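The values are calculated or read from the model by the stated rules, or taken from the named source; none is laboratory data. Because the structure is predicted, anything quoted here is derived from the model rather than measured. Note: ideal-geometry Cβ built from the backbone for every residue, glycine included; neighbour counts use all protein chains shown. Keep in mind that these areas ignore ligands, DNA and RNA; they rest on the heavy atoms of the full protein, side chains included. Shrake-Rupley method; radii C 1.70, N 1.55, O 1.52, S 1.80 Å.
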Amino acid sequence: MMPVSVSPRAKTVEGARSISIVQAFVLLIVVFDGQQALAVRPFVTDDARITYPGQLETESWIELGTARGQKPEWGLHVLTGTTVSDRLEIIAGWTGVSYQDRRIHLDDLVVQPKYLLYRSFGAIPSVSAAVGVLAPISGNRQLWNSYAMVHVSWFLDMPEGSTDPYDNGLAIHINLGTKSQYHAGLSGRYTTKPYWGVGFEVKTPISRDFRFLGEVFNADPFHFEGEFPAFQTGFRWYKSPNVQWDVVYGGFRSPPGEEDRPWNHTFQIGLRVLFDDVFPFR
């Protein structure tokens, strides 16, 4: 996906093996069945909906990144979340660990509350808002990144007789906001710039459970340095209402300041699982 796995504050550890990252991901892919999986990572553009109260959501994905003149890079990412009321969801996790050229790079911890402002289906969109803070755990610990954004989503093509409000054939998402960086070592310098993303999810002729997705955005909000252009596209399979697989290809330009701003290419496999009634929230 986007440069979540590559951080200017990365800490390196010698002697790691790339296969260990893959093995760690395999340990996460035990399959559970239940209710409704929601759409977030590895796709970046977020939707204006949250999980049901009391559910525990886990999102994990592995990625392979390539760029001209660089060795391949493997990445592993894990996020978890739960909804504490019918409108407030809390996401927290680790934005990544990556392996490249016999080194491991550790990225930031993230915490993101998300509030559902308006729930709607059809031509009138749903609206939510989120604020995220990324805490550095390695490298330059004086750099703190954050973001704030509004999500607007249209859930269209509802089948007749469906009792699931999110059982739609087409979803369109728009994200608008800012991403910021605080440098504690430069007299508290605070820098911010706009963020936006546009994405969609549409059913395929194969099945309503097999979807095609695409998005365009001006770099991952987890990464302050990244800028437009960036895109991702791929397929999503709802194995069950609680289990969802993603296969994703993406591309993004290197941040400004790098010579020629070469294109980076990413290939990802993501797994999202919901566990029902884990917490007593209602």
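Within the accessible area of region 46-177, the carbon and sulfur atoms contribute 64%, probe 1.4 Å, all protein chains present. Restricting to Cα atoms and excluding each atom paired with itself, what does the Kirkwood estimate give for region 37-275 in Å? Hydrodynamic radius (Kirkwood, Cα pairs) of region 37-275 is 18.6 Å. Take region 37-275 with all the other protein chains still there, run a 1.4 Å probe, and you get 42 Å² of accessible area per residue. Summing charges over neighbours of residue 55, with a neighbour being any other residue whose Cβ is under 9 Å away from its Cβ, gives -3 when K and R count +1 and D and E count -1.
Three principal axis extents of region 123-205 based on alpha-carbon atoms, in descending order, are 59, 24, 22 Å.
Any chance you could run the full-extension gain for residue 239 through residue 200? It's 0.36 nm times the residue separation minus the Cα-Cα distance, nm to one decimal.
In short, 12.1 nm is gained.
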